[in-house]
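Bear in mind these aren't lab numbers, they're just calculated from the coordinates by the rules spelled out. As the structure is a prediction and not an experimental result, all values here were calculated from the model. Positions of Cβ are generated from backbone atoms using ideal geometry, with glycine treated the same way; all protein chains shown enter the neighbour counts.
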């Protein structure tokens, strides 16, 4: 874990608020972001997490000047939010990106390069580099109307990196990718970090955040409900063990109680959740009933557990499954 | 694969067939008529700002097609659409010279070549002259139509003189003005008139002028034939039985009209005339 | 400027790849058929009719393109969100808008230019001569197209694509019927003179750009006339584009 530097943060959000008008009546507004305050140190990988409607995308759009805040401001790489100078060193991957059907990836990257003021030679080289990095070189000259979601996602990542940005905003970067693709994105993010860039990404896929982020902020209903380094948010105590057993049927489990808290089936095997203290007794009980213990895994609290614990039942309008 | 293609062909063939049936029942030009009953020239003009000239061209093409679609000398020709079509055309484009000349020609000609409305023709030409005051050809036509169709050599001469004043007009207009006044009604003058119209004309108008010239030639030939018949009667005391008789007697002039149809001979009257079957024949040919 | 050029270039490329220029094929067919058939059918008015047809087609096709492509220029990008990754780069909204306008303007220039070439080719094929005065009418038509694009752009930013299509069409039609508007005072008795005047000024007067009749009949059109027509177009288009810039700056891109 990188030490938190005292130098100017890459991103300094102060009291950002935004509400949307509901319907066409002047009166009713739905608050999307309430007084958001956050700092992202340089060189960190920062995760912005939360269920649908929690304000993650709103935050990104505000930072990029796509929408305008009701109050508050932000400083991005030392520049005020929305200033052109900031955007010279930024990269952005929107959620569900849509590019131009009639262009090829190479052409799109060339266009992006032109907007950054790169010379034709530099654009060509950079395009080649990026196409290779995200793995779409074979389709470099195919019009994007033929692209799957996964390929668009890869291009999205590529175009976010054209200018070797100091700060990269990624909105649901893993969306639409197969496991190989996701691994590839993870590697790219780690590579960016190794090169000194700051990465700010929002996601609802918690395991990704767990493995990549130095710090996270958890949003709910437009406010931050938890913020800080992962190891500060999650308890690392090994609280449970996962015991994989074979040779027992679900009805047999009741006989193993009180050791077993819960269990689930995996085909013809069972996975038992057992508090650490009860482990010994449960193992013996399993063997006595003719089952076999295949493996024992310590389980620490995951971000998902944290979510469930801290947030309880979803409030009205929240959805846990789809991205926000 | 075969059945749908066959079906498509059958249905496609049905389209023109049913159209022909509809036209037979309801009349081929009914769309034009219906439109004309609804819109005046001004109304049409207001509908298409910026595209008036193009629409005038469309109406012009329809006018030519409408008239050309009817055989030159056929029984039930309809002229009631001619003036409205031309009216809309020149309302849309007041400078479309050819529309005035064409419209006037076929309004003025006697039925069944034209509508037999020389007054309407002259009014049309007057409108043309108002809209194209520097066009000597329209003014010339106006003058000539006064002479030939309205039997008004005075007015005709005046107008021809006006035309002669227009810069760029040819020298013969002044001569024509004088001739028209001096010899009003004379065949030579008529020939001059139609000669000019023939030289300047295009398409149907040229053909029409050619027909007039042929008619004049025919009348000249008939004069000679009738003189020969009279001479024959005086000489032999008996009218010729047929026109071959005067040929046998030594007459050398043509016995057929310029389109090749033999002259008709009425023994009881002792006169040769144009055969009614000839395309040159008109009632009351001057 | 380079960024504006980049946006313009891409916009032109989009037009080409989205087959906007296919209307030229249709135009070529019309010219060829007219050239072949009109001579007899029109009693040798074919040259005049072909000029009328060519100029009218430029006007009509050009207007349709300016309108329907114009309303989608920016609003389609907003609706599909293809705009978002681009605006995150150091291109301002103003540059984007102006670039889009320039790109479509260039597309229309190419379209009109090729039609002009086709028209002249047809006239030359009929041995009727290439009258250079036609270019004045073409130029005026092109100015009208730019005005149409500007209007489409503004309306599409302040409303949706669909509403913008209809309202721009209405404005374009109203702009051609300026004589009707002049007579509005008669039709609507209560209308005050200032309102009528305001109406007349607000609506683009497309009659200013209609030189077709004059050019085909050989009336003189001085460069002074063209100069004033251009100035009107510049003033009107400039105003509309500036308003569009203001509206676009304030538009939230959710």
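Ratio of Rg to Rh for the protein assembly as shown, alpha carbon only, Kirkwood?
Values: Rg = 43.8 Å, Rh = 35.5 Å.
Radius of gyration relative to Kirkwood radius: 1.23.
For each of B:266, B:245, count neighbouring Cβ atoms within 10 Å of the residue's Cβ, then give the residues from fewest to most. Please report the intermediate quantities before stating the final value.
Working: B:266 10, B:245 17.
If I rank by nearby Cβ atoms, fewest first, I get B:266, B:245.
Between 0 and 90 degrees, rounded to the nearest ten: what's the tilt of helix C:93-125 against the longest Cα principal axis of chain C?
10 degrees
In the calculated pair distance distribution of chain B, what percentage of Cα-Cα distances lie above 22 Å?
Values: 27200 of 40755 pairs.
The calculated P(r) of chain B puts 67 percent of pairs beyond 22 Å.
Neighbour counts of other C-beta atoms within 10 Å: give me C:128, B:282 arranged from fewest to most. Could you put the intermediate results ahead of the total?
On the way: C:128 15, B:282 19.
Ascending number of Cβ neighbours within 10 Å: C:128, B:282.
Across peptide A:154-160, what mean number of C-beta atoms from other chains lies inside 10 Å of a residue's C-beta? Walk me through the numbers on the way to the answer.
On the way: counts 0, 1, 1, 0, 0, 4, 3.
What the average comes to for A:154-160 is 1.
Going by how many other Cβ atoms sit within 10 Å of their own, how do C:209, A:99, C:12 line up, fewest first?
Working: C:209 26, A:99 23, C:12 19.
The fewest-first ordering by Cβ neighbours comes to C:12, A:99, C:209.
Which angle from 0 to 90°, rounded to the nearest 10, does the C-alpha axis of helix A:120-134 make with the longest principal axis of chain A?
With rounding to tens, the tilt is 10 degrees.
If you count, for every residue in C:33-45, the Cβ atoms of partner chains within 10 Å of its Cβ, what is the mean? Numbers along the way, then the final one.
Working: counts 0, 1, 0, 0, 1, 2, 1, 3, 6, 9, 15, 3, 9.
Per-residue shielding by partner chains comes out at 4.
If you count the DSSP beta bridges with both ends in the protein assembly as shown, what percent of them are antiparallel, to the nearest 5?
So the antiparallel bridges in the protein assembly as shown amount to around 70 percent.
What whole-number distance in Å separates the alpha-carbon centres of the stretch A:114-166 and the stretch A:228-296?
Going from one Cα centre to the other spans 47 Å.
Report the FRET efficiency, 1/(1 + (r/R0)^6), for residue B:17 and residue C:121, where r is their Cβ-Cβ distance and R0 is 56 Å, rounded to 0.05.
Details: r = 39 Å, r/R0 = 0.70.
Efficiency, rounded to the nearest 0.05: 0.90.
State, as an integer percentage, the relative contact order of chain A based on alpha-carbon contacts under 8 Å between residues 6 or more apart.
Values: 622 pairs, mean separation 66.6, N = 324.
Contact order relative to length: 21 percent.
With an 8 Å cut-off on Cα pairs and a minimum separation of 6 or more residues, tell me the relative contact order of chain C in percent.
Values: 262 pairs, mean separation 67.4, N = 254.
The normalised contact order for chain C reaches 27 percent.
Using Cα springs under 10 Å in a Gaussian network model of chain A, which residue among A:154, A:87, A:269 shows the largest mean-square fluctuation?
The residue that fluctuates most here is A:269.
In peptide B:39-51, what is the residue-averaged number of other protein chain Cβ atoms found within 10 Å of each Cβ?
On the way: counts 0, 0, 0, 0, 0, 0, 0, 3, 1, 3, 10, 16, 8.
Other-chain Cβ atoms within 10 Å of each residue's Cβ, averaged: 3.
For the residue pair residue A:71 and residue B:247, what label-to-label distance in nm results when each label sits 7 Å from Cα along the Cα-to-beta-carbon direction?
Here the modelled spin labels are 11.9 nm apart.
Roughly speaking, what is the centre-to-centre gap between the stretch A:74-103 and the stretch B:118-184 when only Cα atoms are used, to the nearest Å?
Answer, in whole Å: 79.
FRET efficiency for residue B:227 and residue B:207, Cβ-Cβ distance as r, R0 = 30 Å, nearest 0.05? Please list the in-between numbers first.
On the way: r = 31 Å, r/R0 = 1.02.
That gives a FRET efficiency of 0.45.
Pick from C:218, C:238, C:103: which residue has the top mean-square fluctuation in a GNM of chain C where Cα pairs under 10 Å get a spring?
C:218
So for each of A:50-61, C:107-118 I average, over its residues, the number of other beta carbons within 10 Å; can you give me the resulting order with the highest mean first? It would help to have the intermediate numbers written out before the result.
Working: A:50-61: 23.9, C:107-118: 18.7.
Those peptides, ordered most packed to least, come out A:50-61, C:107-118.
Taking chain A as a Gaussian network, Cα atoms linked when under 10 Å apart, which of A:171, A:252, A:70 shows the biggest mean-square fluctuation?
Maximum fluctuation in the GNM of chain A, among the listed residues, is at A:252.
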